[in-house]
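Scroll down for the structure; my scribbles are underneath it.
The values are calculated or read from the model by the stated rules, or taken from the named source; none is laboratory data. All figures in this text were calculated on a predicted structure; none of them were measured in a lab. Note that we place each Cβ from the backbone using ideal geometry, even for glycine, and neighbour counts take in every protein chain shown. Heavy atoms of the whole protein, side chains included, go into the accessibility calculation; ligands, DNA and RNA do not. Shrake-Rupley method; radii C 1.70, N 1.55, O 1.52, S 1.80 Å.
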Amino acid sequence: MKTYKPLFAMTLLAASIQANAAVSQAEQADISQFLGRFHQNPQQVMNEIPAKESAQGVVVSKFTQEEIESKDFITKKDQFKKSIVKAKKRAGYARAASQYNDNPARLVDGGYQLIRNVHTMDAQNLRSAQLDEVPWSDTYWPLYNGALGNRYADPDLWAARPSDWNDYWTFANQTKLPADYVTSGNLDNLSPSEKYDLLVGDSGYSMTASNWNMGKSYYDRNGSVERWMGLCHGWAPAAYMLPRPKHSIVVRGANGEDIKFYPSDIKALGTLLWAEASPGVRFIGGRCNTKNPATDENGRIKDQKCFDTNPGSWHQSVVNQLGVSKRSFIIDATYDYQVWNQPVYSYTYTYFNPETGVAYDNAKEAMIALEDYSKDKFKQYRASNAANVVGVRMQMKYIVETSPTHREYDDSRFDGITSVRYTYDLELDKNGNIIGGEWYTNKHPDFLWTPGPTQRAMSYVTGNGEWKEGESIPQSWKSQAAWMSKYSQPLTSVVEELFKRASQ
């Protein structure tokens, strides 16, 4: 069966190939074909999910197929985001926590000194950037299998074939107790929280109990713990705020036993620390919990909250944070059940003329005066002081979760990396400053956030003094650790020392 490209797309592609040799033919073809479809059927294209590519070939969802098809995942994720924001607000850290804000200066490290001009971005070669250090992958430590209480590498657990929270809890709290592993000398297969309890000399296993209790209330109330619930809000910032644990380490427990912490165990404690004791965060964006928000005749969402981060704010945030400050931030895309709290790794983008679809490697050649943009589907929404508009096709790579293992070492080869393409335009004033923009798909990141560059996740109390190599932790730390474990907070001093030793 033959297929035919729309004549409009073919015309744009031919023009693109002739226009700018600096842009690859593949990029030109991609943009031309997309614009051809967009102008022919904007409603259909606006409702498409941006194309993704996974290095591993598989992106695992935290949600059931029923939740995906019914769009229940949207409201469930919004409930969880609200709980995070409220916690930050109570702590007195978050800015504008309960209301929409769309100012990139509130997010990026450069603050109000951020670059807003597309010509300056081009002059400084900011059309692409990649972090020197890849944020590390980790599991989101789901609550349904005990969070850090999960004995993820124990073959006996998997032989028992657990299917819900109660099965996992029964195995860890009745079938095989931590003491069974200690007696047999099989400490390796203990969970990360059980190893931590041994390290700090907590015979009551308070940290492990607190991790199981995270899911217990849900199970007692509903008879199940939903698989989407976990600690991704702790993993995402920890992945670039703490150094990568490159190898396993052996440390002396409080009772003199040698305990091996694998990179996955150490990541788990860092994830928990940043989930339960994180400092304030910077963030921008809306928070939409509507499953089917109203749209106009072109398919554009009308509700500003569901329109989410404006493309102008998005573009400035990406370029200034990754390109200028060389530091990651976190995207939270409510539209997509496969993306949630992911640290960003790299970006690259190409400009295009939104009228002709011709691709360029600089904004000056690609922009078009608004008065000449006859095909503008978003004319009624344009900023009153916008003089020009330029199209952008951005490819972004971000880090996704992986499964914990007893691998002795860790490096970027084992990270999960996914790439996604976003298409939008930027509204520019007469000098090339970004003042707004429009998405060409309704499905895009809605919530961007990051801790500040010098912030630390601090437990309510933490140990003073030095934990020397070959020795157990200082005596004063032990009582502090048991107390903090009741709040699901590992001691900052212990976690940071584990990361320090494992990253050297």
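Some values worked out for this structure:
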| read-out | value |
| --- | --- |
| Burial order of peptide ranges 351-362, 374-385, 265-276, 114-125 (average beta-carbon count within 10 Å, highest first) | 265-276, 351-362, 114-125, 374-385 |
| Net charge, His39 excluded, C-beta distance under 11 Å - Lys, Arg +1, Asp, Glu -1 | +1 |
| Cα-based Kirkwood hydrodynamic radius, the stretch 140-183, one decimal, Å | 10.6 Å |
| ³J(HN,Hα) computed for each position of the stretch 236-247 - Karplus, 6.51 cos²θ - 1.76 cosθ + 1.60, integer Hz, glycine/proline x | 4, x, 4, 4, 10, 8, 10, x, 5, x, 7, 8 |
| Over 27 Å (Cα to Cα) - which of Lys176/Lys216; Lys478/Lys500; Lys216/Lys500; Lys176/Lys246 fall in this group | Lys216/Lys500; Lys176/Lys246 |
| At R0 = 41 Å, FRET efficiency that the Cβ-Cβ distance of Ser203 and Gln504 yields, to 0.05 | 0.85 |
| Modelled FRET efficiency - R0 25 Å, Ala26 with Asp122, Cβ distances, 0.05 increments | 0.75 |
| Relative contact order for the stretch 397-461, counting Cα pairs under 8 Å that sit 6 or more residues apart, in percent | 22 percent |
| Size of charge dipole - the stretch 187-232 - debye, nearest 20, with Cβ of Lys, Arg +1 and Asp, Glu -1, no other charges | 200 debye |
| Convex hull volume of the stretch 426-483 per residue (C-alpha atoms, cubic angstrom) | 222 Å³ |
| Loop-resident sites, the stretch 396-504, for GluC sites (Glu not before Pro), counting at most 12 other Cβ within 10 Å (DSSP) | Glu408, Glu466, Glu469, Glu471 |
| Exposure rank, largest accessible area first [Thr170, Thr309; 1.4 Å] | Thr170, Thr309 |
| Label-point separation, Tyr112 to Ser184 (7 Å along Cα→Cβ), nm | 6.3 nm |
| log10 of Debye I(q)/I(0), alpha-carbon scatterers only, for the stretch 346-488 at 0.17 Å⁻¹ | -1.05 |
| Charge sum, other residues only, whose C-beta stays under 11 Å from Tyr351's C-beta, Lys/Arg counted +1 and Asp/Glu -1 | -2 |
| Stretchable slack from Val461 to Asn173, in nm (0.36 nm times residue separation minus alpha-carbon distance) | 100.8 nm |
| Only Lys, Arg (+1) and Asp, Glu (-1) charged, at Cβ; the stretch 420-499 dipole about Cα centre in debye | 260 debye |
| Modelled FRET efficiency - R0 35 Å, Ala51 with Ala369, Cβ distances, 0.05 increments | 0.70 |
| Approximate spin-label separation Asn101-Glu471, in nm, with each point projected 7 Å along Cα-to-Cβ | 4.5 nm |
| Extension gain (nm, one decimal) between Ala294 and Asn213, 0.36 nm per residue minus Cα-Cα | 25.2 nm |
